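Below: one structure, written as structure tokens.
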Amino acid sequence: MVNVRIDDIPLNWLEEILNLSAERIVVTDRDGIIIYINEAYCEFLGTTVDKAMKRPVQEVIENTRMHIVSRTGQAEIAAVHHINGSEMIANRFPLIVSGELVGAVGTVMFKNPEELQLYKSKIQNLVEELKYYKTREESEFTSKYSFSDLIGTSRPFMEAKALAERISVSQSAVLLLGESGTGKELFAHSIHANSLRSAYPFVPINCASIPEHLLESELFGYEDGAFTGAKKGGKKGHFQLANRGTIFLDEIGDMPLAMQSKLLRVLQDKEIQAVGGQKSVPVDVRIITATNRDLEKMVDEGKFRQDLYYRLNVIKIEIPPLRKRKEDIEQIALKLVEKLEKRFHRKSVRLSQEVIRLLQQHSWPGNIRELENVLERCINVLDGNVVMPNHLPLYLRDQETALFDTVPQHANPAGTKIKPLKETIAEAEKQAILAALAAADGNRQEAAKLLDIGKTSLYEKCRIYSIK
Ligand SMILES: Nc1ncnc2c1ncn2[C@@H]1O[C@H](COP(=O)(O)OP(=O)(O)OP(=O)(O)O)[C@@H](O)[C@H]1O
Ligand SMILES: [Mg+2]
């Protein structure tokens, strides 16, 4: 190998190299006298190299600190320097040769704020992208609610909440049962947040929303090359991500039988095997499951493994539906309004007494989620600050006309109330859907079959009527 020494490089080359690598550069000796300055810097200062050379640096560069750095030996990196009426970013390094401080080197990184801005905007995107992934990773696997977010003082609710608080420190499996929208997910978050595992991840996974053939690899991960399209290096499963923390298997009633067997094995052996992997890895995870389906009935029908049901049902918490705790409705509604106000940038929104009364009369098949949807709609159509009955959806307002009907022209001679046909049909349709969902234990596919309509059509109707 040829040994190239720096003095083999021609001097004019060296100068060009300096110009290219540090656009604007100045070198002073220990006394702060300029011993080198390049043309770019001089041009920036409005002078020439000849005029600047051999002069004290303070006389050539406004507000400089080069003479200080050449004495103290303390580098100043990315310092803001006011010069020529604008701000530039400067670096000042002590020049140490053979262990001795002989002067200082200064460079100007950005000659004006615009140049800095341009640079910043280039890295800004990268920084933001990084931040996004970082917070997503962090927020994805931490509990977002605690028991103080669970509103309600009715007896059945307080009992469920107290039980959940008491067992949060235990290591046993928890099964949360409750109708759609009753707050099962909130309970799961709160239990983790109040447990000894709270410093470790809380990993939720919705068993119903993941295609059956992906569920196993989502739960247990896969090894490199486990199947075509598998990510290089493999992928961690939710169980591994939740190690030392809690895994929340939502909608466990929708887990296919084949997966149920695999899950059972994990619970028994406390170790997992990745798809395509050979060895088992131990995991320490607490399990919380939730469903709005009748698991016992599913066990009887052979749709849910009995042994798995026993393993999951160590601590059962039943969350009461809203209609069984009507005294909580006002308090919850006010809390939800507070939350929605923030989301929609509104202030001082109030609920009129009539509205509170109407909310308390409704049976809320969709529970708190339905209440939240109703209030969201109200805030969207609200003109002033007070929510009045006319801001409520028709089906809630109708209760009032049914109970306090004072509009005689709508009453037929027999006294039964006549509503516009459209409303009657809508109400009948909603009731039929609710009945079918109840008969199918919340399984939409089955409910659609019972109603003899397509699944997509059922989803659309559920959305319209706020049925979850
Ligand atoms: N006790 C409560 N106090 C205040 N808000 C609540 C309470 N319980 C639930 N909520 C709110 O109601 C909504 C539904 O709650 P959550 O998602 O936990 O219900 P869920 O039982 O998991 O429903 P689903 O079975 O449909 O998944 C959420 O927006 C949640 O913030
Ligand atoms: Mg849920």
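Give all pairs with beta carbons closer than 8 Å in which a residue from region 240-252 that is farther than 20 Å from Pro282 by Cβ meets a residue that is in a helix (DSSP H, G or I) and more than 15 Å from ligand 1 (Cβ to nearest atom); count only pairs at least 6 apart in sequence or on separate chains.
Ile252/Leu312
In this structure, is His213 assigned to a helix (DSSP H, G or I), assigned by TED's automatic domain parsing to the domain that holds Pro282 and more than 30 Å from Gly233 (Cβ to Cβ)?
no
Mind checking which residues of region 137-181 are within 16 Å of ligand 2 (Cβ to nearest atom) and either under 23 Å from Leu308 (Cβ atoms) or over 22 Å from the mean Cα position of the chain (by Cα) (or both)?
Ala160, Ala164, Val174, Leu175, Leu176, Leu177, Gly178, Glu179, Ser180
Among Gly46, Gly99, which is the only one that is of a type outside the set (Ser, Thr, Tyr), out of contact with any strand residue (DSSP E or B) (no Cβ under 7 Å at 6 or more places or on another chain) and either closer than 24 Å to Gln117 by Cβ or not assigned by TED's automatic domain parsing to the domain that holds Asn12 (or both)?
The conditions single out Gly46.
Could you check, for region 215-232, whether at least one of its residues is free of Cβ contacts under 8 Å to residues at least 40 places away in the same chain, of a type in the set (Val, Ile, Thr) and away from ligand 1 (no atom under 15 Å from the Cβ)?
There is at least one residue in region 215-232 that is free of Cβ contacts under 8 Å to residues at least 40 places away in the same chain, of a type in the set (Val, Ile, Thr) and away from ligand 1 (no atom under 15 Å from the Cβ).
Residue-wise test of (1) surrounded by fewer than 17 Cβ atoms within 10 Å (Cβ to Cβ); (2) closer than 30 Å to Ala439 by Cβ.
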{"position": "Ile96", "(1), (2)": "yes, no"}
{"position": "Leu101", "(1), (2)": "yes, no"}
{"position": "Asn125", "(1), (2)": "yes, no"}
{"position": "Glu128", "(1), (2)": "yes, no"}
{"position": "Ser143", "(1), (2)": "no, no"}
{"position": "Ala164", "(1), (2)": "no, yes"}
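If you check Leu175, Leu130, which single one turns out to be free of Cβ contacts under 8 Å to residues at least 40 places away in the same chain and not in a loop (DSSP other than H, G, I, E, B)?
It is Leu130.
Evaluate the following for Leu18: is it aliphatic (A, V, I, L, M) and part of a helix (DSSP H, G or I)?
yes
Among (1) more than 16 Å from ligand 2 (Cβ to nearest atom); (2) in a helix (DSSP H, G or I); (3) in the same structural domain as Tyr310 (by TED's automatic domain parsing), there is one condition Leu196 misses while meeting the rest; what is its number?
The failed condition is (2).
The values are calculated or read from the model by the stated rules, or taken from the named source; none is laboratory data. The model shown is predicted, which means the values in this text are computed figures rather than measured ones. So basically every Cβ, Gly included, is an ideal-geometry build from the backbone, and we count neighbours across all protein chains shown.
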